[in-house]
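What follows is one structure encoded as structure tokens, with my remarks underneath.
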Amino acid sequence: MKNPLSIFISSLSIYGKYVAARLLLLSLAGLWFAGSSTIAMASIPAPKPTANPELLAHQKRLEEPKIVKLTEHVYAGMNYDLANIGVVITDQGILVYDVFGEVDRAEQFLTDLRKISKAPIIGVVYSHAHGDHVGGVRAFIPEHSEQDIPIYAHEKYSRYMREMTIPRGMIRGYMQMGYLLPKNIEGSVGAGAGKAVGSGRFSFLEPTVIVKDKLTIDVGGIAVELFYAPGDLDDGLAAWIPSEGVLMAGDSAYPMMPIIATPRFEHGRRPWEAIDTVDLYRQLPIEHLIGGHIGNVSGQENVYKFLTKFRDAIQFLHDQTIRAANKGMDHDEAAQWVIATLPKDIKDDPNFTAHYQNLEWIIKGLYTKAVGWWNGDVVNLVKITWIEKAQHTIDLAGGRKNMHNAMEAAFNKGQTAWAMELANMLFQTDNDDQQARTALINLMRTVAYQSHTSNQRHYLLSQALILEGHINVAQLPLNKTNPDFLRAVDANTLFRSLGPKISIEKAANLHLTLHILLSDKNNDHSLFIRRGVIEHRNGKPEAIDLTFTTDSETWHLLVGRHLDWATAIKEKQLTVKGEQSKLNSFIDLFE
């Protein structure tokens, strides 16, 4: 069994594409079946565990790990993990482009790669900062080798690292990728964008060579051009090897529907810039395209046609979503309309299947990014809360019994989504309604087992387990930050990231001034806490309530909430000067 810190550090690999989580099902053993309550018999039957045949067939293609030789010096590693790896191999050394999301899977790839070449690793490139592309870095750069092997990344990686210091919507990430589910027909049958996520260790090392626009590096006589290429994130970095005709694109191009918006919502996904990136690719004589997921595209004509269709798909979804909003459609109407008008050559192309995210979610995300959460109906600016609406709907139905009957009638008519919404209204307005609860669980599983996308399946099956009490959300590490990420950010970000972790209920009238001395760096920092708001300044404050002295590594663990303040003081990892009452008030902020 892994220790709690390693489990959580592993778990954070989800938060890029996932903000990252590697929670073993075994690590939840203490939660599994914890708090389970008796479920009443429901009028909606429990479905037999199964999976959409299209999703199963899609995932079957992604099960067998393989290293594919594309040219004399370029290989691609596929189906080892969620993402792909590209490598440039020469007698002098190997350049690795992306490193998977898990160390153990990256190590398996490296073992197989060593059957092809024994040359040393001389560089690593992060295509972007999502966890599934950076988490396996320790397989290629072991401890004490950090100064010998450069890591290349675009300068905007630091912006994304800033997002990673503040956990947001963590449970969504756990659910999306199926980390809380068993890996079988009752749970996750695959990740949609690649091999099913595993449960291995996640690692992250800060980039050592920052690329702004373009940088050419020499790999044993092979020129590799790194250049800015935003796609799934705005820190994208592509690798073009002119002598081999190979482009390593990361998540700016891949053979599936472009994921230019997600329910998780990320600031770095920008359709306009993503189109510009693909248009830049189309100017290159590419013989082989290594995408960030699924597979490769080979043949200059095939690559050009694929890239043209890929950029057209992005632009169509972007432009027509805006047009739908301008026509007065709301998010749901826009999604239905854009899908209905999607060009047939894109809709029917096997390279543009949607087995990862639902296409309607992508469109709704684009709608929100383009014109916001409001759908244009002025009534929605003053509407009642959802729970009030649910109660009024039950009242209109003539009471809860009639609502139950309406739910059953909808299910019997094949209106599963509507039946699930009615069941949700019944349960959310009365958590003691066990029949509604069981019906809701069964309906979630019914929809999940029919879903053609992995993410929808994962969300629904995870929520069903939570409702059954098999997963205790309160015990998941949803408010922790990976220390690897904290090491990669500036001091201002590091200190300000404490803000969202403060209990405002205990901070409403509290004013404290802290002096933090990081002894190993001999750095002074000022931290001002005013009514729960944190301000950081470099240097020592004039008036001091508390002085904390510790080393930077301990501070990372404290800020990341892997070590609590009282324990650090007791173990003398943190020394404090100041009144005990003020220290108690500070510690209480984070309880």
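The values are calculated or read from the model by the stated rules, or taken from the named source; none is laboratory data. Note that the structure is predicted; figures quoted are calculated from it, not measured. Cβ placement follows ideal geometry from the backbone for every residue including glycine, while neighbour counts extend to all protein chains displayed.
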Any residue that is assigned to a helix (DSSP H, G or I) and not hydrophobic (A, V, I, L, M, F, W, C) - is there at least one of those in the range 237-250? no
In the range 310-332, which residues are among the acidic types (Asp, Glu) and either farther than 16 Å from Pro271 by Cβ or outside any helix (DSSP H, G or I) (or both)? Asp330, Asp332
When you scan the range 54-70, how many residues do you find that are in a loop (DSSP other than H, G, I, E, B), surrounded by fewer than 17 Cβ atoms within 10 Å (Cβ to Cβ) and out of contact with any Lys or Arg (no Cβ under 9 Å at 6 or more places or on another chain)? 2
Conditions: (1) surrounded by fewer than 21 Cβ atoms within 10 Å (Cβ to Cβ); (2) over 23 Å from Gly192 (Cβ atoms); (3) modelled with pLDDT of 95 or more. His470 meets all but one. Number of the miss? (3)
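Could you please let me know if Ile290 is within 26 Å of the chain's Cα centre (by Cα) and farther than 25 Å from Gly101 by Cβ? Working first, answer last.
Numbers: within 26 Å of the chain's Cα centre (by Cα): yes; farther than 25 Å from Gly101 by Cβ: no.
It is false that Ile290 is within 26 Å of the chain's Cα centre (by Cα) and farther than 25 Å from Gly101 by Cβ.
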Would you please list the contacts, defined by Cβ atoms under 6 Å and residues six or more apart or on different chains, that run from a residue in the range 273-300 that is more than 18 Å from Leu62 (Cα to Cα) to a residue that is of a type in the set (Phe, Trp, Tyr)? Val278/Phe310
Out of the residues in the range 312-323 that are in contact (Cβ under 8 Å) with a residue 12 or more places away in the chain and more than 23 Å from the chain's Cα centre (by Cα), state the one that is surrounded by the most Cβ atoms within 10 Å (Cβ to Cβ). Thr321
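Would you check if Ile387 is crowded, with 16+ Cβ neighbours inside 10 Å and modelled with pLDDT of 95 or more?
Numbers: crowded, with 16+ Cβ neighbours inside 10 Å: no; modelled with pLDDT of 95 or more: yes.
The answer is no for Ile387.
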Which of (1) within 22 Å of the chain's Cα centre (by Cα); (2) modelled with pLDDT of 95 or more; (3) outside any strand (DSSP E or B) is the odd one out, the single condition Leu307 does not satisfy? (1)
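Scanning the range 96-151 for residues that are among the hydroxyl-bearing types (Ser, Thr, Tyr) and in a loop (DSSP other than H, G, I, E, B), which turns out farthest from Phe202 (Cα to Cα)?
My answer is Ser117.
Would you please name the residue that is farthest from Pro65 (Cα to Cα), looking only at residues in the range 104-145 that are of a type in the set (Lys, Arg) and touching a residue at least 40 places away in the same chain (Cβ under 8 Å)?
Of everything passing the filter in the range 104-145, Arg138 is farthest from Pro65 (Cα to Cα).
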Here is a check on your reading of the model: is Lys383 outside any helix (DSSP H, G or I), under 19 Å from His331 (Cβ atoms) and among the basic types (Lys, Arg)? yes
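What are the residues in the range 467-488 that are hydrophobic (A, V, I, L, M, F, W, C) and closer than 15 Å to Leu558 by Cβ, if any?
First, the residues of the range 467-488 that are hydrophobic (A, V, I, L, M, F, W, C): 467, 471, 473-474, 476, 478, 485-486, 488.
Answer for the range 467-488, where residues must be hydrophobic (A, V, I, L, M, F, W, C) and closer than 15 Å to Leu558 by Cβ: Phe485, Leu486.
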